[in-house]
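Novice: Structure in structure tokens, see below.
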Amino acid sequence: KLSPFADEQFDCALSTMALMDGPDFPSAMREAFRVLKPGGSLCFSVLHPCFITPALQWLTNDEGSYLGLRVGRYFDKTPFVERWRFGRRPQTAKLVAYDEPFEVPRFPRTISDYVNAISEAGFRIVKMEEPRPSEEQAREHAWLNRWYQHAPLVLFVSAVKA
């Protein structure tokens, strides 16, 4: 809810890796449209809905090399909670917060759920990107190499208020 803000108050609405964690994406798009000036930009990133599914599983061979990514239950929109712990913390970090598990709510959506909500709010999509780690990043970080080789981790969307 952006109720504290007046209509057509902003030039840009930006969200980085957050909109996938809210229960009502269409409402978020309508509110972003409301507070943007005509011609204003909407830019956001979300975990890629085609590959970050409730049944995501990395497939490996007998040697432990990654062969690909199994996705499943793409159309299952049942909310769920993921439990996380920071596993790639800096070796010098001794902060307790890194060790504490935390929960992230998930509200699965399809690509069409995202695109239709953006369009129905009145936006015109101008660009979508599925970025890939660079070869250098993939060599440097094994966890990024999986995504470099097999699938995009995130989806970027840029749209304008018509």
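The values are calculated or read from the model by the stated rules, or taken from the named source; none is laboratory data. In this text, all values refer to a predicted model and were calculated from it rather than measured experimentally. Cβ: placed from backbone, ideal geometry, glycine included. Neighbour counts: every protein chain shown. Just the protein is used for accessible areas: all its heavy atoms, side chains included, with ligands, DNA and RNA removed. Shrake-Rupley method; radii C 1.70, N 1.55, O 1.52, S 1.80 Å.
Novice: Exactly one of these conditions fails for Pro54: (1) touching a helix residue (DSSP H, G or I) at 6+ places or on another chain (Cβ under 9 Å); (2) at pLDDT below 95; (3) of a type outside the set (A, V, I, L, M, F, W, C); (4) surrounded by 16 or more Cβ atoms within 10 Å (Cβ to Cβ). Give me its number.
Specialist: (1)
Novice: Go through the residues of the range 106-122 one by one and say whether even a single one is touching a Lys or Arg at 6+ places or on another chain (Cβ under 6 Å) and open to solvent by less than 80 Å² (accessible area, probe 1.4 Å).
Specialist: Checking the range 106-122: at least one residue is touching a Lys or Arg at 6+ places or on another chain (Cβ under 6 Å) and open to solvent by less than 80 Å² (accessible area, probe 1.4 Å).
Novice: Return the pairs, sorted by first residue and then second, in which the second residue is in a strand (DSSP E or B) and among the hydroxyl-bearing types (Ser, Thr, Tyr), the first residue lies in the range 61-76 and is without any contact (Cβ under 8 Å) to a residue 12 or more places away in the chain and surrounded by fewer than 13 Cβ atoms within 10 Å (Cβ to Cβ), the beta carbons are less than 7 Å apart, and the residues are 6+ apart or on different chains.
Specialist: Here the result reads Leu67/Thr60, each pair linking the range 61-76 to a residue that is in a strand (DSSP E or B) and among the hydroxyl-bearing types (Ser, Thr, Tyr).
Novice: Pairs please, first residue from the range 125-137 and part of a helix (DSSP H, G or I) and open to solvent by less than 80 Å² (accessible area, probe 1.4 Å), second anywhere and modelled with pLDDT under 95 and not aliphatic (A, V, I, L, M), Cβ atoms under 7 Å, 6+ apart in sequence or on different chains.
Specialist: Close Cβ pairs satisfying both conditions: none exist.
Novice: When Tyr98 is evaluated against the numbered criteria (1) over 30 Å from Pro4 (Cβ atoms); (2) modelled with pLDDT of 95 or more, which criterion, by number, is the only one it fails?
Specialist: It is condition (2) that Tyr98 fails.
Novice: To continue, here is another question. Could you check, for the range 15-34, whether at least one of its residues is among the basic types (Lys, Arg) and loosely packed, with under 14 Cβ neighbours inside 10 Å?
Specialist: Checked the range 15-34: no residue is among the basic types (Lys, Arg) and loosely packed, with under 14 Cβ neighbours inside 10 Å.
Novice: Would you confirm whether any residue within the range 145-161 is open to solvent by 70 Å² or more (accessible area, probe 1.4 Å), within 20 Å of Met17 (Cα to Cα), out of contact with any strand residue (DSSP E or B) (no Cβ under 9 Å at 6 or more places or on another chain) and without any contact (Cβ under 8 Å) to a residue 40 or more places away in the chain?
Specialist: No, the range 145-161 contains no residue that is open to solvent by 70 Å² or more (accessible area, probe 1.4 Å), within 20 Å of Met17 (Cα to Cα), out of contact with any strand residue (DSSP E or B) (no Cβ under 9 Å at 6 or more places or on another chain) and without any contact (Cβ under 8 Å) to a residue 40 or more places away in the chain.
Novice: Need pairs with beta-carbon distance below 6 Å; first residue closer than 14 Å to Lys161 by Cα and within the range 110-122, second among the small types (Gly, Ala, Ser) and outside any helix (DSSP H, G or I); sequence gap 6+ or separate chains.
Specialist: Correct list of pairs: Ile118/Ala159; Gly122/Ala162.
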